[in-house]
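Input: a single structure, listed below in structure tokens.
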Amino acid sequence: MGSKILVRNISKTFVRKGDGDEESAVEALKDVSFEVADQEFVCIVGPSGCGKTTLLRIIDGLIPADAGEILIDGQAVGAPAQDRGMVFQTFGLLPWRTVAGNVAIGLEIAGMESVKQKPIVQRWIDVVGLAGFERYYPHELSGGMQQRVGLARVLAIDPVVILMDEPFGALDAQTREFMQEELLRIWNQEKKTVIFITHSIDEAIYLADRVVVMSARPGRIAEILRVGIPRPRWDHDVRGTKEFAELRAHIWKELRKDGHGVVAPPGD
Amino acid sequence: MKADKVGSAFILFRSEYWSRDRLVRCASYLFALIAWEVTGYVVGPLFLAGPTQVVIALREVVLSGELLLALMVSLQAFAVGFAAAMASAIPLGMLMGRFESVERFFEPYIAAFFVTPVSALIPMIIIWFGIGIEARVVVVFSFCFFDIVINTFNGVRDVRYELVEPVRSLGATQRQIFMKVILPAAAPFVMSGIRLGLGRAIRGMVIAELLLATTGLGGMIVTYSAVFRTDVIFAVLVVIVMLGVGSVRLIKAMESRLFPWKETSTIRGGFEGSARTAPAPAEG
Ligand SMILES: Nc1ncnc2c1ncn2[C@@H]1O[C@H](COP(=O)(O)OP(=O)(O)O)[C@@H](O)[C@H]1O
Ligand SMILES: [Mg+2]
């Protein structure tokens, strides 16, 4: 299988103005390279502040890298386009649009006629399990439901690559596990290439074909691990297996090496 | 459907809430009317006409057609001034919110005019525009312009990046971002600017008629105070208050029609908001 996404020598430094005239630079990413195969599910784990969001925003084209390049199907990516779709940690729904309106926005931006939008919007609302909630506003939905809308909005534009930035980070543990399983089912059907960021080791192992472990200051890749646990993973207790436990212990050790632990204070 | 049941319980809760609210309101009005009538009776109509006398006077000026004529004169200057303020303040506020250099350019003058009492500028307005309808239009305009600019500006400037980024990620152009995110996000702020501006425009309208030309509703107050007709003065005041309160109410009603998504995401709607949050299908 050829690689779908090529992340090549990406570096990014943020310069921020302090209180006075002094400037401080944060080296968010340093020489990050990896590739993702077609239809692969890759998870990125790392301590908070190690540049995971920055990396994803660069892949999506929301911000430029200082050095390096991103290739998708051999083409360098520029500005955001509908071949990539991003799901945000804070959902990012438009509060004045209903569920259906939020799901339709990508199609509207692409200039699709509204008669053509309707069946597509309905299909993805059904897939993410929100049938009957089409006319609800985001504030009338639970967090889990809001993120389903976030996912449907991206699926509706039919991207080849889906980028997910801690999409379930704001959800409670039970909803989170349920959403993970749903996501795997959808991915299994749609066969998209996925880059999924999380700070939860368990979530990474449960979802991924491969786990990219990052370390902080500057953000770089510490290790890339293959998760050999057979799929589908939702029909048995994957989290209780020996293989899962070994991977978890390994990644945990790798993250501890960094001297920050899994949760490090961002910035400074 | 589960969510419908939650919805109807929510409406019940609301109607209960409103009937109690209305009771308190009625008690408040009744108290004010009685206090006013008693005071009027004690001090005499030369100083303060009571509500019954005001109603009689109101009937009188309505029937003679004097009130309607004054109202038309007032509303003319009001409508032109307020429309001109909206037509210029909304675009200016939007440009200032969108482009930092436009903000830099205009901000000091906006700030200066915002704190300057417009009444203090009335002598200058007389020098420049005379005392005709043009001058009254200018007063109305200057009274409400800055409220609309500042609210529009804040609304556009404070659009959260979390709203813009997902839409940008979907490949939106700058124009699409403006139309689909910034404009709808700022719309409630623009509306409250219009609502605040409207109240101030009415004040400007009356003040211009008191201080510039003795005409319109303000002119009636001046004319009748010369002959100590407090009953007519209060009748005119009642009309002015009703005009202000009525139009603000109208805009508020428009706001909740236009922005239903705003209703329950405020702290006041907090309980309703959580009551309305239906459980996820299949999640429970
Ligand atoms: N827009 C920005 N301006 C300045 N610094 C930033 C910006 N975005 C991120 N950073 C900094 O870059 C580092 C990585 O941030 P981020 O990519 O959000 O990390 P993560 O998603 O892994 O928690 C942090 O130190 C953060 O403070
Ligand atoms: Mg992040």
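The values are calculated or read from the model by the stated rules, or taken from the named source; none is laboratory data. The structure displayed is predicted, hence computed values, not measured ones. Quick reminder, even Gly has a Cβ in these numbers, built from the backbone with ideal geometry, and neighbours come from all protein chains shown.
Under 7 Å between Cβ atoms, which residue pairs at least 6 apart in sequence (or on different chains) link something in region A:150-161 that is in contact (Cβ under 8 Å) with a residue 12 or more places away in the chain with a partner that is of a type in the set (Phe, Trp, Tyr) and crowded, with 21+ Cβ neighbours inside 10 Å?
A:Gly150/A:Phe88; A:Gly150/A:Phe91; A:Ala152/A:Trp124; A:Leu155/A:Trp124; A:Ala156/A:Trp124
Here is a check on your reading of the model: is B:Glu134 among the acidic types (Asp, Glu), farther than 22 Å from B:Phe178 by Cα and more than 17 Å from the chain's Cα centre (by Cα)? Step through it out loud before you land on a result.
On the way: among the acidic types (Asp, Glu): yes; farther than 22 Å from B:Phe178 by Cα: yes; more than 17 Å from the chain's Cα centre (by Cα): yes.
Taking the combined requirement at face value, the residue satisfies it.
So for region A:77-84 (the condition being crowded, with 18+ Cβ neighbours inside 10 Å, part of a strand (DSSP E or B) and away from ligand 2 (no atom under 16 Å from the Cβ)), does at least one residue qualify?
In the first step, residues of region A:77-84 are kept if they are crowded, with 18+ Cβ neighbours inside 10 Å; the result is A:77, A:80, A:82, A:84.
Subsequent filtering for residues that are part of a strand (DSSP E or B) retains A:84.
Subsequent filtering for residues that are away from ligand 2 (no atom under 16 Å from the Cβ) retains A:84.
For region A:77-84, residues crowded, with 18+ Cβ neighbours inside 10 Å, part of a strand (DSSP E or B) and away from ligand 2 (no atom under 16 Å from the Cβ): present.
Based on what the data block shows, is A:Arg185 away from ligand 2 (no atom under 15 Å from the Cβ) and modelled with pLDDT of 90 or more?
Working: away from ligand 2 (no atom under 15 Å from the Cβ): yes; modelled with pLDDT of 90 or more: yes.
When the stated conditions are applied, A:Arg185 passes them.
Table: residues versus (1) surrounded by fewer than 21 Cβ atoms within 10 Å (Cβ to Cβ); (2) part of a loop (DSSP other than H, G, I, E, B).
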residue: A:Leu155; (1), (2): no, no
residue: A:Phe168; (1), (2): no, yes
residue: A:Leu184; (1), (2): yes, no
residue: A:Val194; (1), (2): no, no
residue: A:Ala204; (1), (2): no, no
residue: A:Val212; (1), (2): no, no
residue: A:Ala222; (1), (2): yes, no
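Please work out if A:Gly46 is surrounded by 21 or more Cβ atoms within 10 Å (Cβ to Cβ) and small (Gly, Ala, Ser).
Details: surrounded by 21 or more Cβ atoms within 10 Å (Cβ to Cβ): yes; small (Gly, Ala, Ser): yes.
Against the criterion (surrounded by 21 or more Cβ atoms within 10 Å (Cβ to Cβ) and small (Gly, Ala, Ser)), A:Gly46 qualifies.
Scan region A:45-62 and report the pairs whose first residue is closer than 18 Å to A:Glu223 by Cα and whose second residue is within 6 Å of ligand 1 (Cβ to nearest atom) and among the charged types (D, E, K, R), with Cβ atoms within less than 8 Å and a gap of 6+ or a chain change.
Final answer for the pair search is A:Gly46/A:Lys52.
Which one of these does A:Leu55 not meet: (1) touching a Leu at 6+ places or on another chain (Cβ under 7 Å); (2) away from ligand 2 (no atom under 13 Å from the Cβ); (3) hydrophobic (A, V, I, L, M, F, W, C)?
(2)
Inside region A:44-61, can you point out the residues that are within 14 Å of chain B (Cβ to nearest Cβ) and more than 6 Å from ligand 1 (Cβ to nearest atom)?
Our first condition is that a residue be within 14 Å of chain B (Cβ to nearest Cβ); within region A:44-61, this holds for A:53-54, A:56-61.
Hits for region A:44-61 are A:Leu56, A:Arg57, A:Ile58, A:Ile59, A:Asp60, A:Gly61.
Restricted to region A:161-182, and to residues that are in contact with a helix residue (DSSP H, G or I) (Cβ under 7 Å, 6 or more places away or on another chain) and within 15 Å of A:Met86 (Cβ to Cβ), which residue is farthest from ligand 1 (Cβ to nearest atom)?
First pass over region A:161-182, keeping only residues in contact with a helix residue (DSSP H, G or I) (Cβ under 7 Å, 6 or more places away or on another chain): A:162-163, A:165, A:167-168, A:170-171, A:175, A:179-180.
From what is left, the residues that are within 15 Å of A:Met86 (Cβ to Cβ) are A:162-163, A:165, A:167-168.
Numbers: A:Ile162: 17, A:Leu163: 12, A:Asp165: 7, A:Pro167: 13, A:Phe168: 15 Å.
So, considering only residues that are in contact with a helix residue (DSSP H, G or I) (Cβ under 7 Å, 6 or more places away or on another chain) and within 15 Å of A:Met86 (Cβ to Cβ), the one farthest from ligand 1 (Cβ to nearest atom) is A:Ile162.
Could you tell me which residue of region B:134-180 is farthest from the other protein chains (Cβ to nearest Cβ), considering only residues that are small (Gly, Ala, Ser) and more than 23 Å from B:Met254 (Cα to Cα)?
Going through the qualifying residues, I end up with B:Ala135.
Tell me, please, whether a residue that is in contact with an Asp or Glu (Cβ under 8 Å, 6 or more places away or on another chain) and either under 30 Å from B:Leu75 (Cα atoms) or at pLDDT below 95 (or both) can be found in region B:120-133. Reasoning before the result, please.
Going residue by residue through region B:120-133, those that are in contact with an Asp or Glu (Cβ under 8 Å, 6 or more places away or on another chain) are none.
No, region B:120-133 contains no residue that is in contact with an Asp or Glu (Cβ under 8 Å, 6 or more places away or on another chain) and either under 30 Å from B:Leu75 (Cα atoms) or at pLDDT below 95 (or both).
Restricting to region B:199-246, name every residue that is within 20 Å of B:Val80 (Cβ to Cβ) and touching a Phe, Trp or Tyr at 6+ places or on another chain (Cβ under 8 Å).
Within region B:199-246, B:Arg200, B:Ala201, B:Ile202, B:Arg203, B:Gly204, B:Met205, B:Ile207 meet the criteria.
Might you let me know whether region A:15-38 holds any residue that is within 23 Å of A:Leu183 (Cβ to Cβ), within 16 Å of ligand 2 (Cβ to nearest atom) and either of a type in the set (D, E, K, R) or touching an Asp or Glu at 6+ places or on another chain (Cβ under 7 Å) (or both)?
As a first pass, look at region A:15-38 and keep what is within 23 Å of A:Leu183 (Cβ to Cβ): A:34-38.
Now narrow it down to the ones that are within 16 Å of ligand 2 (Cβ to nearest atom): none.
No: region A:15-38 contains no residue that is within 23 Å of A:Leu183 (Cβ to Cβ), within 16 Å of ligand 2 (Cβ to nearest atom) and either of a type in the set (D, E, K, R) or touching an Asp or Glu at 6+ places or on another chain (Cβ under 7 Å) (or both).
Under 27 Å from A:Gly169 (Cβ atoms) and within 10 Å of chain B (Cβ to nearest Cβ): which single residue out of A:Gly106, A:Gly68, A:Gly111 fits that description?
Details: A:Gly68 fails: within 10 Å of chain B (Cβ to nearest Cβ); A:Gly111 fails: under 27 Å from A:Gly169 (Cβ atoms).
Within the list A:Gly106, A:Gly68, A:Gly111, the selection yields A:Gly106.
Of the conditions (1) more than 9 Å from ligand 1 (Cβ to nearest atom); (2) modelled with pLDDT of 95 or more; (3) hydrophobic (A, V, I, L, M, F, W, C), A:Ala67 clears all except one; give me its number.
With (1) more than 9 Å from ligand 1 (Cβ to nearest atom); (2) modelled with pLDDT of 95 or more; (3) hydrophobic (A, V, I, L, M, F, W, C) applied to A:Ala67, the lone miss is (2).
Search region B:181-204 for residues that are within 13 Å of chain A (Cβ to nearest Cβ) and pair each with any residue that is assigned to a helix (DSSP H, G or I) and among the aliphatic types (A, V, I, L, M) when their beta-carbon atoms are under 7 Å apart and the residues are at least 6 apart or on different chains.
Note: pairs meeting the criteria are B:Val181/B:Leu163; B:Val181/B:Val164; B:Val181/B:Val167; B:Ile182/B:Val156; B:Ala185/B:Leu163; B:Ala186/B:Val156; B:Met191/B:Ile251.
Answer with yes or no whether A:Val32 is surrounded by 16 or more Cβ atoms within 10 Å (Cβ to Cβ) and either within 12 Å of ligand 1 (Cβ to nearest atom) or more than 14 Å from chain B (Cβ to nearest Cβ) (or both). Show your work before the answer.
Details: surrounded by 16 or more Cβ atoms within 10 Å (Cβ to Cβ): yes; either within 12 Å of ligand 1 (Cβ to nearest atom) or more than 14 Å from chain B (Cβ to nearest Cβ) (or both): yes.
It is true that A:Val32 is surrounded by 16 or more Cβ atoms within 10 Å (Cβ to Cβ) and either within 12 Å of ligand 1 (Cβ to nearest atom) or more than 14 Å from chain B (Cβ to nearest Cβ) (or both).
Quick check, is A:Gly228 under 21 Å from A:Glu40 (Cβ atoms), loosely packed, with under 14 Cβ neighbours inside 10 Å and either of a type in the set (Lys, Arg) or at pLDDT below 90 (or both)? Let's see the steps before the verdict.
Numbers: under 21 Å from A:Glu40 (Cβ atoms): yes; loosely packed, with under 14 Cβ neighbours inside 10 Å: yes; either of a type in the set (Lys, Arg) or at pLDDT below 90 (or both): yes.
Yes: the conditions hold for A:Gly228.
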